[in-house]
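Colleague: Right, I'll just put the structure down here and ask away after.
Every number in this text was worked out from the coordinates using simple rules, so none of it is lab data. Everything quoted here is computed from the prediction, not taken from an experiment. Using ideal geometry, Cβ is built from the backbone for each residue, glycine included, and neighbour counts are taken over all protein chains shown.
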Amino acid sequence: ILKPLPSYSVFQRFIKKLSNSYLKEIMKNQVNILKELGFIDNNFISVDATPIKANTKFNNPKCFANNKFSKNNHPSSDKDCKLGVHTANNSMNVKVTEDKPNNSKKKYEFYWGYKNHVICDAISGLPIAEFTTTADVNEISNFTEILSDTNEWFSLKGSYIIADKGYDSKQNHDFIRNTLKGHAFIALNKRGRKSNKLTSTGNIICDAGLAMHKDGKQYFDSYIKQKFCCPFRTSKDDSLCPCNHEKYFNGKKNRGCVKYISIGTDYRSSINRDSIFFKKIYSLRTESERYNSRWKNLNTEQAFVKNINSVTNLNTIGHICLLSIAIAAIKSGCVDKYKSLSGLKRTA
């Protein structure tokens, strides 16, 4: 280098004003090269998102400002960032909520920032496509969009699509099945649904420990609603209910409890998530987590710029760097080092 490097502000302006489409084309070319080399294909695809914290004091655990995670108190340092939430382990910004149906506690961390959604080859652990959004965009809402955009230049037809329960919805399953002609391996999100105790024949066990009787069905587009009634609903004996349930003395002709079970009839409900086949395929999702960990080692998890254009470009550059390492390792004959920059350096 014969001349001095440009100042930091010049690099800032360049990253901010550069169109992300140019960087996306570079990344696409790298993916196609790895596809030709046989290291990326569309057989097993894993989708995941990782949070990116904005460059604002509100994300600092030592900041004790009032309502720092209120939508009405937007950070002045970054006008583009949005308020988001993700599961967390150890942080001072963590909120703990109790999941009563499952008798468990969940930890959530609020943050101002963005999300980077990554589509990976679940075998090689290399990225195929990535998209940056604000933190308020949930995974379910843009899942079909990012798959559609990727499918335009990298075929996902017939792929096994793997994702965690954050992407679980009827719409996403139907898109994979009907549009991509693929298979969905998405964990079920019960969304706080209370599970009833059942007998071996599928009848609900009431609060008194008795098997309730089936009492008709209602048919809807994507599910069947099965009704269950009290086994003593037509009885006139007030002493039959073992727990003296309040609904048993309701004064109506048909006394006792009434409960319902929804039985899904769509593609999402037909998947056996307890099968060995599903669990084997779903276990490949860990490649997305491993890749996100390598990507975060580039210091991309904490934004140092203060606008969405710069964050988006730096995220894409990070993925380009990791793809460059993979291509260099493979073409130099160090195939076992395609995930490790330090390992590739030692072979030089």
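Colleague: Just to verify a number: FRET efficiency for Y8 and S70, C-beta to C-beta distance, R0 = 35 Å, to 0.05?
Modeller: Values: r = 33 Å, r/R0 = 0.93.
Working from the Cβ atoms, E equals 0.60.
Colleague: Further question on the same structure: Quick one: the Cα spread of the stretch 213-268 along its three principal axes, in angstroms, biggest first?
Modeller: Sorted largest first, the three principal extents are 45, 19, 15 Å.
Colleague: Please work out the Cα convex hull volume for the stretch 172-227 and give it in Å³ per residue.
Modeller: Value for the stretch 172-227: 133 Å³ per residue.
Colleague: Just tell me which lysines come within less than 21 Å, Cα to Cα, of K279; anything on the same chain fewer than 8 places away is out.
Modeller: Here the lysines satisfying the reach criterion relative to K279 are K165, K170, K181, K190.
Colleague: Take V335 and D174, extend 7 Å from each Cα along the Cα→Cβ direction, and tell me the distance between the two endpoints in nm.
Modeller: Taking the simple label geometry, V335 and D174 are separated by 4.4 nm.
Colleague: Please get the size of the charge dipole for the stretch 213-268, origin at its Cα centre, with Cβ charges of +1 on Lys and Arg and -1 on Asp and Glu, quoted in debye to the nearest 20. Show your work: numbers first, answer last.
Modeller: On the way: 12 positive and 6 negative charges, 25 e Å.
Magnitude of the dipole: close to 120 debye.
Colleague: Provide the gained length on full extension for the span L198 to I263, in nm with one decimal, where the gain is 0.36 nm per separating residue minus the Cα-Cα distance. Display every interim value, and only then the final one.
Modeller: Numbers: separation 65, 0.36 × 65 = 23.40 nm, distance 1.37 nm.
Gain on extension, L198 to I263, equals 22.0 nm.
Colleague: Also, I was wondering about something else. Two decimals is fine: what's Rg over Rh for the stretch 104-215, C-alpha atoms, Kirkwood radius as Rh? Mind dumping the intermediate values first?
Modeller: Details: Rg = 19.2 Å, Rh = 17.1 Å.
Rg/Rh: 1.12.
Colleague: Please give the contour-minus-distance gain from S270 to D221: 0.36 nm per residue of separation, less the Cα-Cα distance, rounded to one decimal in nm.
Modeller: Details: separation 49, 0.36 × 49 = 17.64 nm, distance 1.44 nm.
Between S270 and D221, full extension yields 16.2 nm more.
Colleague: Where does the chain land on Rg(C-alpha)/(2.2 N^0.38 Å)?
Modeller: Taking the Cα Rg and dividing by 2.2 N^0.38 Å, one obtains 1.29.
Colleague: Taking the chain as a Gaussian network, where each spring joins two C-alpha atoms under 10 Å apart, which residue of L37, L210, L180 fluctuates the most?
Modeller: Fluctuation is largest for L210.
Colleague: Same structure, new question: With only Lys, Arg, Asp and Glu charged, each at its Cβ (+1 for the first two, -1 for the last two), find how big the charge dipole of the chain is about the Cα centre; round to the nearest 20 debye. Present the calculation step by step, with values, prior to reporting the outcome.
Modeller: Details: 55 positive and 31 negative charges, 157 e Å.
My answer is approximately 760 debye.
Colleague: Could I ask something else about it? Once the dipole of the stretch 213-268 is set up with Lys and Arg at +1 and Asp and Glu at -1 on Cβ about the Cα centre, which of S222, T234, Y260 lies farthest towards its positive end?
Modeller: T234
Colleague: Below 15 Å, Cα to Cα, which aspartates and glutamates can K306 reach? Residues fewer than 8 away in the same chain don't count.
Modeller: Straight-distance partners of K306: D78, D80.
Colleague: Rounded to the nearest 500, what is the 222 nm mean residue ellipticity of the chain from helices alone, with -39500 (n - 2.57) per DSSP H run of 4+ residues and division by all residues?
Modeller: Numbers: 9 runs with 97 residues, N = 348.
So the calculated ellipticity at 222 nm is -8500 deg cm²/dmol.
Colleague: For the stretch 207-333, what is the per residue volume of the convex hull drawn over the alpha-carbon atoms, in cubic angstrom?
Modeller: Numbers: hull volume 34.0 nm³, N = 127.
It comes to 268 Å³ per residue, whole-number rounded.
Colleague: On a 0 to 90 degree scale, rounded to 10, what angle separates helix 20-36 from the longest Cα axis of the chain?
Modeller: 80 degrees
Colleague: Sticking with this structure for a sec: Can you compute 3J(HN,Hα) from phi for each residue in the stretch 74-83, using the Karplus curve 6.51 cos²θ - 1.76 cosθ + 1.60 with θ = phi - 60°, rounded to whole Hz and x for Gly and Pro?
Modeller: Each residue's phi maps through the Karplus curve to give 6, x, 7, 6, 9, 6, 8, 5, 10, 7 Hz.
Colleague: Along the stretch 171-185, what does the Karplus equation 6.51 cos²θ - 1.76 cosθ + 1.60 (θ = phi - 60°) give for ³J(HN,Hα), rounded to whole Hz, x for Gly and Pro?
Modeller: 4, 5, 5, 5, 5, 4, 6, 8, 8, 8, 6, x, 10, 9, 10
Colleague: Moving on. Expressed as a whole number of Å, what is the distance separating the alpha-carbon centroids of the stretch 237-270 and the stretch 14-41?
Modeller: Between the Cα centres of the stretch 14-41 and the stretch 237-270 lies a distance of 58 Å.
Colleague: Rounding to the nearest 10 and keeping the result within 0 to 90°, find how far the Cα-based axis of helix 286-296 lies from the longest principal axis of the chain.
Modeller: Computed tilt is about 40 degrees.
Colleague: Given springs between every Cα pair under 10 Å in a Gaussian network model of the chain, which of T199, T56, T300 has the largest fluctuation?
Modeller: Evaluated over the chain, the most mobile residue of the options is T199.
Colleague: Now a separate question. Report, as a whole number in µm² per second, the diffusion coefficient that Stokes-Einstein gives for the stretch 1-57 at 10 °C and 1.306 mPa s using the Kirkwood radius over alpha carbon pairs.
Modeller: Numbers: Rh = 15.5 Å.
For the chosen part, D equals 103 µm²/s.
Colleague: May I ask for the angle, rounded to the nearest 10°, between helix 139-151 and the longest principal axis of the chain, with both axes built from Cα atoms and the value confined to 0 to 90°?
Modeller: The answer is roughly 50 degrees.
Colleague: For the chain, with a Gaussian network of springs between Cα atoms less than 10 Å apart, report the residue from F175, F232, F278 with the top mean-square fluctuation.
Modeller: F232
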